[in-house]
């Protein structure tokens, strides 16, 4: 997925998001506001609990060596966005004139399958990776590749994604402190 791809969601939340961006962009082009948009994939990281696919339903189970349940296929490539990288890009987008009038993908690491993401969390925790079980109700983001290209933000603003091992380690450390 690239920032310039058509926003063609078929589900309600996606349609609302697309319309909000179209409205903001129209106001920007008319000179009524200055607008930019940051788009991220599924968040993970310290401080995220129930709002993250790699949150309360995954990390505590990994730390306890229990079976992890995932959405859809555990083996489809998926982009994960570290929450600190969201913050870094938002700070730049609000202060850099090059940001106005377009959408930007948050710099994100290479895609990982859910199986690879869980294994990375287990490595960061120093525990063995348990079994995975798929949840019923496959969703479009989990039954085929869901890969985001964030090179425009990296090339324009020089923001590199946090290395995934570092991001996973910080996530595990936060969950351990939370316990």
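The values are calculated or read from the model by the stated rules, or taken from the named source; none is laboratory data. As the structure is a computational prediction, the values presented were derived from the model and not from experiment. No Cβ is skipped: glycine too gets one built from the backbone with ideal geometry, and neighbour counts run over all protein chains shown.
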Conditions (1) in a helix (DSSP H, G or I); (2) in contact (Cβ under 8 Å) with a residue 12 or more places away in the chain: number failed by residue 74: (1)
Verdict on residue 30 being touching a strand residue (DSSP E or B) at 6+ places or on another chain (Cβ under 6 Å) and either without any contact (Cβ under 8 Å) to a residue 24 or more places away in the chain or over 27 Å from residue 179 (Cβ atoms) (or both): no
Residue that is nearest to residue 146 (Cα to Cα), among those in segment 54-71 that are in a loop (DSSP other than H, G, I, E, B) and in contact (Cβ under 8 Å) with a residue 40 or more places away in the chain: 54
Odd one out for residue 66 among (1) over 21 Å from residue 37 (Cα atoms); (2) buried (at least 19 other Cβ atoms within 10 Å of the Cβ): (2)
Among the candidates 10, 51, residue that is more than 17 Å from the chain's Cα centre (by Cα) and exposed (fewer than 13 other Cβ atoms within 10 Å of the Cβ): 10
All positions within segment 56-79 that are in contact with a helix residue (DSSP H, G or I) (Cβ under 6 Å, 6 or more places away or on another chain) and closer than 25 Å to residue 179 by Cα: 59, 62, 63, 68, 70
Residue match in segment 139-155 (condition: over 19 Å from residue 85 (Cα atoms) and crowded, with 18+ Cβ neighbours inside 10 Å): yes
Segment 107-123, subset touching a residue at least 40 places away in the same chain (Cβ under 8 Å), out of contact with any strand residue (DSSP E or B) (no Cβ under 7 Å at 6 or more places or on another chain) and farther than 23 Å from residue 88 by Cα, residue surrounded by the fewest Cβ atoms within 10 Å (Cβ to Cβ): 123
Single condition residue 92 does not satisfy, out of (1) under 30 Å from residue 27 (Cβ atoms); (2) modelled with pLDDT under 95: (2)
Residues that are within 30 Å of residue 170 (Cα to Cα) and in a loop (DSSP other than H, G, I, E, B), drawn from segment 1-50: 1, 2, 3, 36, 40, 41, 45, 46, 47, 48, 49, 50
